[in-house]
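What follows is a single structure, written as structure tokens, with notes after it.
Bear in mind these aren't lab numbers, they're just calculated from the coordinates by the rules spelled out. Bear in mind the structure is a predicted one, so any value in this text is a computation, not a measurement. Glycine gets a Cβ as well: all are built from the backbone with ideal geometry, and neighbour counts include every protein chain shown.
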């Protein structure tokens, strides 16, 4: 079975790639704290990086074992619904 469980995609990873080591907080897509001498990235920049991470992860033909998916808390029905397959 092939399915995608995104492991790298997220705001934290995008921020680490954009501004490694920056201290920040975000709420409702607005940076509420920025403690770094570099300019704060825009939320559009953050989502651009997230899209790039998703493209990268989509390009990898990951194959999970059923017990791995179960361990991650994903049940077969949830996977089928996420993939748009009928049960």
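A few comments on the model shown:
- The distance between label points at residue 25 and residue 59 comes to 3.7 nm (points 7 Å beyond Cα on the Cα→Cβ vector).
- The ranking of 53, 60 by Cβ neighbour count inside 10 Å, starting from the fewest, reads 60, 53.
- FRET efficiency for the pair residue 67 and residue 17, taken as 1/(1 + (r/R0)^6) with r the Cβ-Cβ distance and R0 = 35 Å, rounds to 0.65.
- Point-to-point label distance, residue 51-residue 38, nm (Cα→Cβ direction, 7 Å offset): 2.1
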